[in-house]
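The values are calculated or read from the model by the stated rules, or taken from the named source; none is laboratory data. Values in this document were obtained by computation on a predicted structure and should not be read as measured data. We place every Cβ from the backbone using ideal geometry, glycine too, and count neighbours over all the protein chains shown.
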Amino acid sequence: MSTTSVKVFVPSDTTARSLGADQVAAAVAAEANKRGVSIEIVRNGSRGLYWLEPLLEVEVDGVRHAYGPVTPADVPDLFAATFLEAAPHRLALGPTEKIEYLAKQTRLTFARVGLIDPVSLDDYRAHGGYRGLANALKMSGEQIVQAVLDSGLRGRGGAAFPTGIKWKTVLGAPADQKYVVCNADEGDSGTFADRMVMESDPYVLIEGMTIAGLAVGATRGYVYIRCEYPQAIRTMREAIERAKAAGFLGDGIQGGKGSFHLEVREAAGAYICGEETSLLESLEGKRGMVRYRPPLPAIKGLFGKPSIINNVISLASVPIILDKGAEFYKNYGLGRSRGTLTIQLAGNIKRGGLIEIPFGIPLRDILYAYGGGSATGRPIAAVQAGGPLGAYVHPTQFDTPFDYEQFAAVGAMVGHGGLVVFDDTVDMGEMARFAMEFCAIESCGKCTPCRIGAVRGVEVIDRIRSGVNESSNLALLKELCETMVSGSLCALGGMAPFPVLSVLKHFPEGLKSQAPSAGKATDRRATEQAL
Ligand SMILES: Cc1cc2nc3c(=O)[nH]c(=O)nc-3n(C[C@H](O)[C@H](O)[C@H](O)COP(=O)(O)O)c2cc1C
Ligand code: SF4
């Protein structure tokens, strides 16, 4: 067999690299060199099968075969076993597309993620990229907005607001300048879908934002990227430069009249800067503090101008809608939750990673059929869905279909699709305390129920767990939660009580006194007073 055309794919995604992908790529290059074998190493994005990273793939007769997880020490052995011919090996996983975890998914937004060289425009276009924009360039702004409305797409950042309605408001707001802002702050616990898109298929986000700009008449856009994502920032910047050079960004897009200028901004490193009005303040160079609403950002947003603010996944889902049509997208899903959802499996789970599936699949299937149960092999006792402000879901609720309305009906939240899994060794009282502590640390400080309430919440939980006046402090905790829910200006203070209330409802034993005796409580109080 000639090895001249053999392509070996080694992911360049942050997770794969943190697990040693760079060292594996170097070992593959060195071993090929030593053996005089000519290969082409492609640094693709990750397929999202994180428990198998670094996942090495070799392309034979147009089919990609996977091996993983690979360490540099495995590389000489892989060459000896002729893995370049897709030969069997103890790390062989067969054709990548047939790995069950991947084969069972419906990848629409993530169609190219892990397949292509992230910054290669040729690769992007060869895999269906920029077809949505080509259609959008032939449509009026109203027609583009109507397509997004008809698709049923709802915001994937957390609030699930219909994307088309937001765009329609911006389209209808007269102004000399409008903006498209992409929220890539991705602060929720256990989430990484936005990062994966930006690191593995940046042009899909650029294309989605360009279509958004054409739809509403916005000629400038910003991607506000979490500062802890240096690789996503680098990849996005490089892709923007390349898209500009190829006439996909700037003035006169693809020889037409449309203009769209795009820039990356590094985020400030605060959870609250993911809240859209805080994000706008931060983008304007100010401290990230929540704004009063109205006016809505769609009317008076960035620099006081009408602005679209959407999450990465919302915007990255637009190209396929414009390419294949609103009906195609809408045909996936359930009820008012249309299309696909990117779910991120994290925490104590055997097969952590990203899955893209239509709405409506029960949580239990996601945890067991995809996730394979807990990593420790112990029973899964709780799942926090939708980030740090999401309720803890109890095993009796695991048959709930993944759908905005059905999750809300059981007091849970889909949010950005992050799932953090816990086994039965978890201390649920500590989890409740953490929700309040997180809110106290991350509060922007603008309103009293959140700024003061979260601090008091930690103290009350500590008293309950120390056995100090348990029943009256439990009543106080419930009252405090109600005050925060109804009196906070934004969802940080307004939702931080939800995980606490879910612990009170489903895991009440977690908030029982941890003190073996009254003496311990007295000791702790004495210590607190001394401090
Ligand atoms: C405290 C807080 C943090 C948030 N963090 C994020 C975030 O990191 N990324 C995001 O897309 N949305 C975040 N949101 C939601 C945004 O305010 C907003 O709803 C979203 O960017 C709108 O985009 P979408 O309609 O496409 O979801 C956050 C909201 C709150 C209250
Ligand atoms: S709820 Fe908290 S984060 Fe939100 S505006 Fe009030 S103080 Fe700021």
*Return only the number of the condition from (1) among the charged types (D, E, K, R); (2) surrounded by fewer than 17 Cβ atoms within 10 Å (Cβ to Cβ); (3) closer than 24 Å to residue 194 by Cβ; (4) without any contact (Cβ under 8 Å) to a residue 24 or more places away in the chain that residue 123 does not satisfy.*
(2)
*asked:* If I ask for residues that are away from ligand 2 (no atom under 12 Å from the Cβ) and part of a loop (DSSP other than H, G, I, E, B), which ones from segment 257-294 would you list?
replied: 257, 258, 259, 267, 268, 269, 284, 285, 286, 294
*Of the residues 129, 158, 114, 152, which is within 16 Å of ligand 2 (Cβ to nearest atom) and either crowded, with 20+ Cβ neighbours inside 10 Å or basic (Lys, Arg) (or both)?*
158
*In segment 177-194, is there at least one residue being surrounded by fewer than 20 Cβ atoms within 10 Å (Cβ to Cβ) and of a type in the set (D, E, K, R)?*
no
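Going by what's in this entry, would residue 328 be described as crowded, with 19+ Cβ neighbours inside 10 Å, among the aromatic types (Phe, Trp, Tyr) and away from ligand 2 (no atom under 16 Å from the Cβ)?
Numbers: crowded, with 19+ Cβ neighbours inside 10 Å: no; among the aromatic types (Phe, Trp, Tyr): yes; away from ligand 2 (no atom under 16 Å from the Cβ): yes.
No.
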*Where residues in segment 437-476 are over 23 Å from residue 268 (Cβ atoms), of a type in the set (A, V, I, L, M) and in a helix (DSSP H, G or I), which of them is nearest to ligand 2 (Cβ to nearest atom)?*
458
*When the residues of segment 370-396 are filtered to those that are under 23 Å from residue 408 (Cα atoms) and more than 18 Å from the chain's Cα centre (by Cα), which remaining residue is surrounded by the most Cβ atoms within 10 Å (Cβ to Cβ)?*
392
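Among 243, 218, which is in a loop (DSSP other than H, G, I, E, B) and surrounded by 24 or more Cβ atoms within 10 Å (Cβ to Cβ)?
Working: 243 fails: in a loop (DSSP other than H, G, I, E, B).
The match here is 218.
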*Applying the selection to segment 344-369, what residues are surrounded by fewer than 18 Cβ atoms within 10 Å (Cβ to Cβ) and under 23 Å from residue 160 (Cα atoms)?*
360, 362, 364, 365
*Quickly run through segment 124-162 and pick out the residues that are more than 19 Å from residue 204 (Cβ to Cβ), touching a helix residue (DSSP H, G or I) at 6+ places or on another chain (Cβ under 6 Å) and within 16 Å of ligand 1 (Cβ to nearest atom).*
145, 149, 152, 160
*Do you know which residues across segment 482-497 are buried (at least 24 other Cβ atoms within 10 Å of the Cβ) and either in a loop (DSSP other than H, G, I, E, B) or more than 12 Å from ligand 1 (Cβ to nearest atom) (or both)?*
484, 488, 496, 497
*When only residues in segment 502-528 that are at pLDDT 60 or above and either among the small types (Gly, Ala, Ser) or under 25 Å from the mean Cα position of the chain (by Cα) (or both) count, which is nearest to residue 432 (Cα to Cα)?*
503
*Residues being closer than 22 Å to residue 194 by Cα, touching a His at 6+ places or on another chain (Cβ under 9 Å) and either of a type outside the set (A, V, I, L, M) or part of a strand (DSSP E or B) (or both) - total across segment 83-117*: 1
